[in-house]
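Peer 1: Have a look at the structure that comes next, please.
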Amino acid sequence: MTAKQFFKSTAFKCIAVLLSIVLICGILLTICNSLFYVSAEERTARAVAKVFPGEEVTFEEDSVNTRYADTNNYTVEQAFTMTGTREGQYLLSIIGKNGYNSGTVTCWILVDAVSGTAADPGSFNGISKVVITGNEKQSFINNIGDSDIQAVIDRQDEDGFSAYSSSGITTGATFSLGAITNAMNGAKTYTESVYCGLVNPYEEWIASANITSATTYTVEDGVVTYNIVTAANSPAASFTIEIVVGTDKTITSYTILVDGTQNWSSDAIYDSFVGKDAAFFAGVIGENGEIRDNSNFGSNGISTGATFSNYLCLSAALFATANYDTAVAEGGNA
Amino acid sequence: MNKYKKITLDGIIFNNPTFMLVLGTCPTLGLISNALSALEMGLTVIVVLTLSNMIISALRNLIPNEVRIPCYIVVIATLVTLIRMVLDKFLPDVYEALGNLLALIVVNCIILGRAEAFANKHTVAESAVDGVATGIGFTMALTVMGIICEFLGKGSLFGLQIMDFSIGLFSTPAGAFIIFGLSICAFTAIIDNFQRAKRVKANKLARENLLGADEAGNQTVEEVKA
């Protein structure tokens, strides 16, 4: 085929037409992209405006502290310090995890807090507003009304927020509300740690992700007695558990003082923790608490149908046994 | 019948893309749990479908047959991207409500289907009418099913709460699928009945005309005999 024949052929016409259309479309899109570009600042302002409808607010965006931003229960995506008329408030965009079908709920959470440092700590004063902006797999999330979220906000105690304690909030979307509660507890933990300077004394200890600063322990003759207060793991609420670890680094006594499962837990199950060491508990849930699987629980003979509560109880047991040496070295704090 | 009227009726009713051709099922199932989102998606599809039909019709004599599908895809993808940019800039709530399904309009079979089946064989004006009519048919179908699903699934209409009772299933794609199937049944039954009635009426008219012609013919023969 000669060059002349090629330029007259259908093949050349196809290439020319297709390239022309692509070129024209590309130029058009380039022009429109510059005309309709939405900057990151504009997107942030839009998102924040949804939290404060009809109100002009000012704020400063903070960089997210990665150390406290991501846990098994929540991820902090963005953080803002409100200024002007809303000074003393912090706005966090948080993904609450462990919702229905292992999905997530994304929320904006407005927190009231007094800022501080480790030397001069501030205080967390509560949550003013929760705005749900998105979710994954939460088919029944529309069952959750503003009054349900307000009920969770109102039920704050020193261990955090709880949607599911002795008088549960009935929505028909228990796990979605659980994910929202996880986000709210995440907002509390993050604000306390980053803005208020209320650092958890156990954060350097092994497997401390679900252990709150309210936890205490005593050491006597090499025997460590913990009074562990766990975080909530919605739908399970916070547990308070007394665990005694003997000199052989195994549990000699395990007593649930405050049960976060509406009395679903079985003493027989937790009695089986006696005599077990850190290696056993780490084998079930892992030191980072990354495994939460009924089948895994079941294979260790501790399946109860209350997985979220089991997870907290196992976390407490792992914390107590894995940190025996540290506790003995520190000498107690109660 | 006026050809524009026929194109319009075909697009909205007799070749309704959702109920009769069962095209564009992905956004249908994804969005009909919310009537407002369904309406917004329908309006977006009207714009994209009309513009794509017009452009493809205008270029139909330039585009070689061998590369027509890639050309259509490029044109449709460009239009959808433009619409996304405009919505993101000026109607961010709509942009967020439609989410990823907005980008999926590119592969919506209604748009490519009308380009291939209609726009590349008809004039720009006819293609524009077809785009609007088919888009309206799609929008109506989505909105009607959205109203039913939202009412049953959330007890609300276009976001306005009107009753406390709701059946959660109808807020899910599974519930949407049930409503979709029942809607197809109902729409097909109505159209069938309408067309049957039309056929009966036409047959009756033809029979009467035939009998009238016979009588007229007999009279002529008798007259001849007389």
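Peer 1: Anything in the range B:152-170 that is surrounded by fewer than 19 Cβ atoms within 10 Å (Cβ to Cβ) and closer than 13 Å to B:Ala35 by Cα? List them, or say none.
Peer 2: Selection gives B:Gly155, B:Ser156, B:Leu157, B:Phe158, B:Gly159, B:Leu160, B:Gln161.
Peer 1: If a residue must be assigned to a helix (DSSP H, G or I) and not small (Gly, Ala, Ser), how many such residues does the range A:107-158 contain? I'd like the intermediate steps shown before the answer.
Peer 2: So the first thing to find is which residues in the range A:107-158 are assigned to a helix (DSSP H, G or I), and the list is A:141-143, A:146-154.
Add one more test, that the residue is not small (Gly, Ala, Ser), and what stays is A:141-143, A:146, A:148-150, A:152-154.
Summing the residues that are assigned to a helix (DSSP H, G or I) and not small (Gly, Ala, Ser) in the range A:107-158 gives 10.
Peer 1: Ok, one more. Are any of the residues in the range B:179-193 charged (D, E, K, R), surrounded by fewer than 17 Cβ atoms within 10 Å (Cβ to Cβ) and not in a helix (DSSP H, G or I)?
Peer 2: Within the range B:179-193 (the criterion being charged (D, E, K, R), surrounded by fewer than 17 Cβ atoms within 10 Å (Cβ to Cβ) and not in a helix (DSSP H, G or I)), the answer is no, since none of the residues qualifies.
Peer 1: Which residue out of B:Leu31, B:Leu79, B:Leu59, B:Leu102 is within 17 Å of the chain's Cα centre (by Cα) and in contact (Cβ under 8 Å) with a residue 12 or more places away in the chain?
Peer 2: Matching residue, one of B:Leu31, B:Leu79, B:Leu59, B:Leu102: B:Leu31.
Peer 1: Something else about it: Regarding the range A:92-100, can at least one residue be identified that is in contact with a helix residue (DSSP H, G or I) (Cβ under 8 Å, 6 or more places away or on another chain), more than 14 Å from chain B (Cβ to nearest Cβ) and among the basic types (Lys, Arg)?
Peer 2: Within the range A:92-100, one or more residues are in contact with a helix residue (DSSP H, G or I) (Cβ under 8 Å, 6 or more places away or on another chain), more than 14 Å from chain B (Cβ to nearest Cβ) and among the basic types (Lys, Arg).
Peer 1: From A:Phe297, A:Phe319, A:Phe281, grab the single residue that is at pLDDT below 75, under 24 Å from the mean Cα position of the chain (by Cα), buried (at least 17 other Cβ atoms within 10 Å of the Cβ) and farther than 22 Å from A:Met184 by Cα.
Peer 2: Going through A:Phe297, A:Phe319, A:Phe281 in turn, just one is at pLDDT below 75, under 24 Å from the mean Cα position of the chain (by Cα), buried (at least 17 other Cβ atoms within 10 Å of the Cβ) and farther than 22 Å from A:Met184 by Cα: A:Phe297.
Peer 1: Further question: Please go through the range B:52-93 and give me each residue that is more than 8 Å from chain A (Cβ to nearest Cβ) and either touching a Pro at 6+ places or on another chain (Cβ under 9 Å) or not hydrophobic (A, V, I, L, M, F, W, C) (or both), ordered by number.
Peer 2: Listed by number, the residues that qualify are B:Ser52, B:Asn53, B:Ser57, B:Arg60, B:Asn61, B:Asn65, B:Arg68, B:Tyr72, B:Arg84, B:Asp93.
Peer 1: Just one of (1) among the small types (Gly, Ala, Ser); (2) part of a helix (DSSP H, G or I); (3) modelled with pLDDT under 85 trips up A:Ala187, so point out which.
Peer 2: (3)
Peer 1: Could I ask something else about it? Tell me, please, whether a residue that is among the polar types (S, T, N, Q), more than 10 Å from chain B (Cβ to nearest Cβ) and touching an Asp or Glu at 6+ places or on another chain (Cβ under 8 Å) can be found in the range A:3-12. It would help to see each step written out before you state the result.
Peer 2: Of the range A:3-12, the ones among the polar types (S, T, N, Q) are A:5, A:9-10.
Going one step further and asking which of them are more than 10 Å from chain B (Cβ to nearest Cβ), we end up with A:5, A:9.
Checking the rest, the ones that are also touching an Asp or Glu at 6+ places or on another chain (Cβ under 8 Å) come to none.
No, the range A:3-12 contains no residue that is among the polar types (S, T, N, Q), more than 10 Å from chain B (Cβ to nearest Cβ) and touching an Asp or Glu at 6+ places or on another chain (Cβ under 8 Å).
Peer 1: Can you tell me which residues in the range B:122-151 are in contact with a helix residue (DSSP H, G or I) (Cβ under 7 Å, 6 or more places away or on another chain) and closer than 17 Å to A:Gly145 by Cα?
Peer 2: B:Glu150
Peer 1: Looking only at residues in the range B:146-172 that are outside any loop (DSSP other than H, G, I, E, B) and away from chain A (no Cβ under 11 Å), which one is farthest from B:Cys26 (Cα to Cα)?
Peer 2: Restricting to residues being outside any loop (DSSP other than H, G, I, E, B) and away from chain A (no Cβ under 11 Å), the top hit is B:Leu160.
Peer 1: If you don't mind, another one. Please pick out the residue among A:Ala47, A:Ala16 that is in a helix (DSSP H, G or I), in contact (Cβ under 8 Å) with a residue 40 or more places away in the chain and not charged (D, E, K, R).
Peer 2: A:Ala47
Peer 1: A further question follows. Could you tell me whether A:Cys32 is within 14 Å of another protein chain (Cβ to nearest Cβ), assigned to a helix (DSSP H, G or I) and in contact with an Asp or Glu (Cβ under 8 Å, 6 or more places away or on another chain)?
Peer 2: On the way: within 14 Å of another protein chain (Cβ to nearest Cβ): yes; assigned to a helix (DSSP H, G or I): yes; in contact with an Asp or Glu (Cβ under 8 Å, 6 or more places away or on another chain): no.
In short, no.
Peer 1: Given the options B:Val45, B:Val67, B:Val80, name the one that is touching a Gly at 6+ places or on another chain (Cβ under 9 Å) and either within 30 Å of A:Cys14 (Cβ to Cβ) or not acidic (Asp, Glu) (or both).
Peer 2: Sole residue among the options that is touching a Gly at 6+ places or on another chain (Cβ under 9 Å) and either within 30 Å of A:Cys14 (Cβ to Cβ) or not acidic (Asp, Glu) (or both): B:Val45.
Peer 1: Which residues, counting only those in the range B:1-34, are in a helix (DSSP H, G or I) and polar (S, T, N, Q)?
Peer 2: B:Thr8, B:Thr25, B:Thr28
Peer 1: Here are the criteria: (1) over 30 Å from B:Tyr72 (Cβ atoms); (2) surrounded by 10 or more Cβ atoms within 10 Å (Cβ to Cβ); (3) not hydrophobic (A, V, I, L, M, F, W, C). Tell me which single one A:Lys13 does not satisfy.
Peer 2: Going through the list (1) over 30 Å from B:Tyr72 (Cβ atoms); (2) surrounded by 10 or more Cβ atoms within 10 Å (Cβ to Cβ); (3) not hydrophobic (A, V, I, L, M, F, W, C), A:Lys13 breaks only (1).
The values are calculated or read from the model by the stated rules, or taken from the named source; none is laboratory data. Values in this document were obtained by computation on a predicted structure and should not be read as measured data. Reconstructed Cβ throughout: ideal geometry from the backbone, glycine too, with neighbour counts over all protein chains shown.
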